[in-house]
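Asker: Here you go, one structure.
The values are calculated or read from the model by the stated rules, or taken from the named source; none is laboratory data. Just so it is clear, the structure is predicted and the values come from calculations on it, not from any experiment. Don't worry about glycine lacking a Cβ; one is built from the backbone with ideal geometry, like all the others, and counts go over all protein chains shown.
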There are 2 protein chains.
Amino acid sequence: MHFSSRLLEQAVDEFGRLPGIGKKTALRLVLHLLKQSNSDVSRFTHSIDQLKEQIRYCATCFNISDQEVCEICTSVKRDHETICVVEDTRDVMAIENTNQYQGVYHVLGGLISPMDGVGPSDLKIDALMERLKNGEVREIILALSATMEGDTTIFYLYRKLKDFDVQVSTIARGIAFGGELEYVDEITLGRSIATRVPYERNIG
Amino acid sequence: MHFSSRLLEQAVDEFGRLPGIGKKTALRLVLHLLKQSNSDVSRFTHSIDQLKEQIRYCATCFNISDQEVCEICTSVKRDHETICVVEDTRDVMAIENTNQYQGVYHVLGGLISPMDGVGPSDLKIDALMERLKNGEVREIILALSATMEGDTTIFYLYRKLKDFDVQVSTIARGIAFGGELEYVDEITLGRSIATRVPYERNIG
């Protein structure tokens, strides 16, 4: 790309570093911002600077929070005997949106991935074990991605959690609701048959 | 979406205002920035602030430029008797990338669009007419989109340019190179047949 301005090129380069944003999209976004008012652009950049400077993580569950301890961890309405372990804040948001879960969370901040140089010590695993020491937690739900990294992390956590008197669960895997059989991958389909459940349980 | 942090929500809202960026993508981009170093994030926001504050437009052709007059307009290697009229700086970049054009440009800054409240006075049309007054320009190439707004703008410019002793051209329209006939829309195909050219000219 031939840029008529170094400043333009720099801004496009920066946008192009974002995941999933190619050079053409980056240029489109930068030219869009150029057409906006000064105050609109300031508000955009200020919101990012402010978030980066003032971001805090809940001291208990490590979810992104504006307070020392997040709203979920301080809520008396939540079941503090059940901890759902997730990779990041997006997973907390997705599970909260289901309205199916009343327990609390623990945000690992990633998954074990030797390929990416992420080991157990890079994640909030020790902090999770700390939370179990007072004996109040009864169940740990491992809600991690069905990927190699997710499975590796589940296996690692499962072995660590055996030392505690706590029920360890993983979220159910199988055919998604509305999923047509012919489009389901073979591994999922094969395991769905192997781990089939009585009909009475499925409608329960 | 349920956000655990107001700062996070604000940043996601701002990103979500960009064209083609939905809420989920916005969240992904913001969380990506949160994982980057402070200096990387500062460089990102600073590049946008700096561009917005210091952006200049060439006094001659109105392309984005770091100088008072842009490199193309000051180049002695360019043909200053030919002006290619385009909508915005992206079109200049696209045409420059072809290496097929040696003339100069004039950036309108948009297209006439009554639906969007954009009239001729909102575009750099008077400035284009000014450039013709010294009589040095021989040809004006209207390289505008093949849309209703593009056609409206071409029609308006064509009527204004009739007062000047200048050749007015529009870029060729037809089947794209590599385009398969069965996938071409009917209007393009029909007009391509109606405006067919002798084979000798096509290979010229």
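Asker: Within the range A:97-112, take every residue that is out of contact with any strand residue (DSSP E or B) (no Cβ under 9 Å at 6 or more places or on another chain) and at negative phi and give me the one that is farthest from the other protein chains (Cβ to nearest Cβ). Spell out the reasoning first.
Answerer: Just the residues of the range A:97-112 that are out of contact with any strand residue (DSSP E or B) (no Cβ under 9 Å at 6 or more places or on another chain), to begin with: A:97-100.
Now drop any that are not at negative phi, which leaves A:97-98, A:100.
On the way: A:N97: 6, A:T98: 11, A:Q100: 13 Å.
The extreme case among them is A:Q100.
Asker: Does B:V86 satisfy being within 9 Å of another protein chain (Cβ to nearest Cβ) and buried (at least 18 other Cβ atoms within 10 Å of the Cβ)? Don't jump to the end; show me each part of the working.
Answerer: On the way: within 9 Å of another protein chain (Cβ to nearest Cβ): no; buried (at least 18 other Cβ atoms within 10 Å of the Cβ): yes.
Judged against the criteria, B:V86 is not a match.
Asker: Is it the case, given these coordinates, that B:V41 is at pLDDT 95 or above and of a type in the set (V, I, T)? Show your work before the answer.
Answerer: Values: at pLDDT 95 or above: yes; of a type in the set (V, I, T): yes.
Criteria met by B:V41.
Asker: Go through (1) more than 15 Å from A:Q54 (Cα to Cα); (2) surrounded by fewer than 19 Cβ atoms within 10 Å (Cβ to Cβ); (3) within 7 Å of chain A (Cβ to nearest Cβ); (4) not hydroxyl-bearing (S, T, Y) one by one and return the number of the condition B:L51 breaks.
Answerer: Among (1) more than 15 Å from A:Q54 (Cα to Cα); (2) surrounded by fewer than 19 Cβ atoms within 10 Å (Cβ to Cβ); (3) within 7 Å of chain A (Cβ to nearest Cβ); (4) not hydroxyl-bearing (S, T, Y), the lone unmet condition for B:L51 is (2).
Asker: Give all pairs with beta carbons closer than 9 Å in which a residue from the range A:36-47 that is within 20 Å of B:V30 (Cα to Cα) and facing chain B (nearest Cβ under 7 Å) meets a residue that is among the aliphatic types (A, V, I, L, M) and not in a helix (DSSP H, G or I); count only pairs at least 6 apart in sequence or on separate chains.
Answerer: A:F44/B:L18
Asker: Does the range B:17-24 contain any residue that is on the phi < 0 side of the Ramachandran plot and either touching a Pro at 6+ places or on another chain (Cβ under 9 Å) or within 7 Å of chain A (Cβ to nearest Cβ) (or both)? I'd like the intermediate steps shown before the answer.
Answerer: Of the range B:17-24, the ones on the phi < 0 side of the Ramachandran plot are B:17-19, B:21-24.
If we keep only those that are either touching a Pro at 6+ places or on another chain (Cβ under 9 Å) or within 7 Å of chain A (Cβ to nearest Cβ) (or both) too, we end up with B:18-19.
Within the range B:17-24, one or more residues are on the phi < 0 side of the Ramachandran plot and either touching a Pro at 6+ places or on another chain (Cβ under 9 Å) or within 7 Å of chain A (Cβ to nearest Cβ) (or both).
Yes/no per residue for (1) closer than 16 Å to A:L108 by Cβ; (2) surrounded by fewer than 12 Cβ atoms within 10 Å (Cβ to Cβ); (3) free of Cβ contacts under 8 Å to residues at least 24 places away in the same chain:
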{"site": "A:R138", "(1), (2), (3)": "no, no, no"}
{"site": "A:L142", "(1), (2), (3)": "yes, no, no"}
{"site": "A:D151", "(1), (2), (3)": "yes, no, yes"}
{"site": "A:Y158", "(1), (2), (3)": "yes, no, yes"}
{"site": "A:D165", "(1), (2), (3)": "no, yes, no"}
{"site": "A:T170", "(1), (2), (3)": "yes, no, no"}
{"site": "A:A176", "(1), (2), (3)": "no, yes, yes"}
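Asker: Out of the residues in the range A:64-83 that are away from chain B (no Cβ under 12 Å) and assigned to a strand (DSSP E or B), which is nearest to B:H32 (Cα to Cα)?
Answerer: A:I83
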